[in-house]
Amino acid sequence: MVTKMRVGSRKSELALIQTNYVIAQLKKANPEMEFEVVPISTVGDKVLDVALSKIGEKALFTKELEIALHNKEVDFVVHSLKDLPTVLPEKMVIGSILEREDPRDAVIMKKGSTYTKLSELSAGSIIGTSSLRRSAQLKANYPGLVFRDVRGNLNTRLRKLDNGEGEDYAALVLAVAGVSRMGWAERMNEMLEPNQCMYAVGQGALGVECREGDTSTIALLSSLHHRETLLRAIAERAFLRTLEGGCSVPVAVNSKFTGSGLELIGGVWSLDGKENLVHNCQVSFADFGGCGDEPTRCYVAITAPKLSTAELSAAESCGQKLAQKLLDDGAEKILAAAKAENDKK
């Protein structure tokens, strides 16, 4: 049995914190195993002077990691699940999805500011965010604010906020989970609720990617699956995959595990936030009790051999049905217009 494994990770401080967390969880059940972290730079890490939505590459933070995985330079790689495209390269799968942290977004005000909420800021205040999803929703709710792109790792973004580098940002909007993992929870001034800003598909969860035929690694990683997070992630990823959305268009979700099933809310927005479609879908696991799917089947590139195929199929169906509702009501037109407008900028 292999007792030492090589683990691919982005080089940022947050990525390494997340990777070492996954390793710590694996070592709890496998104390005899050793793990070596292999830091790798990705396109998204290298190109910092262009908005994420303008780079034109879906796998901005994953491609180089997946090349190393394909070449067997590493045994598995750790990602923020929201960075993983819903279609992975051939022969790659997500072997585990760990328990989700708070998936919401948070507002961080400039150091020394007396403001605590976006609603308190004066018209014309500049808000930094690298996400079209965030800016589109927040433009609709806070039309007087100005949203500008801000790039770099979390350390760099906070420095730009506090020191006024580049733009005089009044606040940043960042994922709660990333800020918390960095140990900066005290900097978060406002948590954005779904009626203000729904979150990205997979936000707050970690996904571990490996080679499809590597049964021993899949067996090792599958012990880390968190059932509730896994089912919500499958529904969200199936929703995004059916819409064929990505970082260049504003798509957002809000999911809820009900115990007996799932509820998923999802929507699409125009870049200015003035046009949107939002629907919801609910499924009951009991309705899929007769599901005869093969246990080895992948659900939106996720393999979970030890979990109920009925529950996995219900989650996938929930996302697909919700996306189809939106498409039937004209979501494709909104998404196409948003993509075309973004491409012109």
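The values are calculated or read from the model by the stated rules, or taken from the named source; none is laboratory data. Just so you know, these numbers come straight off a predicted model, no measurement behind them. Here the Cβ positions follow ideal geometry from the backbone for every residue, glycine too, while neighbour counts run over all protein chains shown.
A few notes on this one:
- Qualifying residue in region 115-124 (condition: modelled with pLDDT of 95 or more and within 22 Å of the chain's Cα centre (by Cα)): no
- Condition check for LEU307: among the aliphatic types (A, V, I, L, M) and either touching a Cys at 6+ places or on another chain (Cβ under 8 Å) or not in a helix (DSSP H, G or I) (or both): yes
- Residue satisfying all of: in region 182-218; over 30 Å from LYS110 (Cα atoms) and hydrophobic (A, V, I, L, M, F, W, C); surrounded by the fewest Cβ atoms within 10 Å (Cβ to Cβ) among these: ILE218
- Residue in region 260-275 that is over 21 Å from the mean Cα position of the chain (by Cα), assigned by TED's automatic domain parsing to the domain that holds ASP214, surrounded by 15 or more Cβ atoms within 10 Å (Cβ to Cβ) and within 26 Å of ALA340 (Cα to Cα) present: yes
- Scanning region 169-179 turns up no residue that is surrounded by fewer than 19 Cβ atoms within 10 Å (Cβ to Cβ) and at pLDDT 95 or above.
- Candidate set from region 114-166 (those that are farther than 25 Å from ASN276 by Cα and among the basic types (Lys, Arg)); member that is surrounded by the fewest Cβ atoms within 10 Å (Cβ to Cβ): ARG159
- Matching option when the condition is crowded, with 23+ Cβ neighbours inside 10 Å, polar (S, T, N, Q) and modelled with pLDDT of 95 or more, among SER222, SER255: SER255
Each row is one residue, and each column tells you yes or no for (1) of a type outside the set (D, E, K, R); (2) at pLDDT 95 or above; (3) touching an Asp or Glu at 6+ places or on another chain (Cβ under 7 Å).
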| position | (1), (2), (3) |
| --- | --- |
| ARG6 | no, yes, yes |
| SER9 | yes, yes, no |
| SER41 | yes, no, yes |
| ASP49 | no, no, no |
| ASP75 | no, yes, no |
| THR86 | yes, no, no |
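- Criterion (in contact (Cβ under 8 Å) with a residue 40 or more places away in the chain and touching a helix residue (DSSP H, G or I) at 6+ places or on another chain (Cβ under 8 Å)) met by exactly one of LEU240, LEU145, LEU161: LEU240
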